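The values are calculated or read from the model by the stated rules, or taken from the named source; none is laboratory data. What you are looking at is a predicted structure, and each value in this text was computed from that prediction instead of being measured. No Cβ is skipped: glycine too gets one built from the backbone with ideal geometry, and neighbour counts run over all protein chains shown. All accessible areas refer to the heavy atoms of the entire protein, side chains included, with ligands and DNA or RNA removed. Shrake-Rupley method; radii C 1.70, N 1.55, O 1.52, S 1.80 Å.
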Amino acid sequence: MSRAQQRVGDELKDLDAIGGLHDAFSDIGDLEKYAIDTSGLDPSRTADRTRLLLATGSHRLT
């Protein structure tokens, strides 16, 4: 929530919406093994990590 409050411009800042997204994705069951922890990654490194996982075939987008 604190990160959202620091956002500028058109970025998602609505705390109710963010809370709803958190609730929706906090327990994704069997798909959890495919989740990518991006908490320590900036957008560029997140994209790099995603590309790597897609290239190795361990993850896919459908």
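Annotations
- Contact annotation: residue pairs with Cβ atoms under 6 Å, 6 or more positions apart or on different chains, pairing a residue in segment 3-16 that is free of Cβ contacts under 8 Å to residues at least 24 places away in the same chain with a partner that is part of a loop (DSSP other than H, G, I, E, B) and hydrophobic (A, V, I, L, M, F, W, C), are 15/1.
- Segments classed as helices (runs of 4 or more DSSP H), wholly inside the chain, with at least 3 members that are surrounded by 10 or more Cβ atoms within 10 Å (Cβ to Cβ) and aliphatic (A, V, I, L, M): 15-25, 43-56
- Near pairs, Cβ below 7 angstrom, 6+ apart or cross-chain, from segment 47-62 (within 15 Å of residue 33 (Cβ to Cβ) and free of Cβ contacts under 8 Å to residues at least 60 places away in the same chain) to any residue that is part of a helix (DSSP H, G or I) and not aromatic (Phe, Trp, Tyr): 59/53; 60/54
- Listed by first and then second residue, the pairs with beta-carbon distance under 9 Å, at least 6 apart or on different chains, first residue in segment 34-45 and without any contact (Cβ under 8 Å) to a residue 60 or more places away in the chain, second assigned to a loop (DSSP other than H, G, I, E, B) and open to solvent by less than 90 Å² (accessible area, probe 1.4 Å), are 34/28; 34/58; 34/59; 35/28; 36/59; 45/38.
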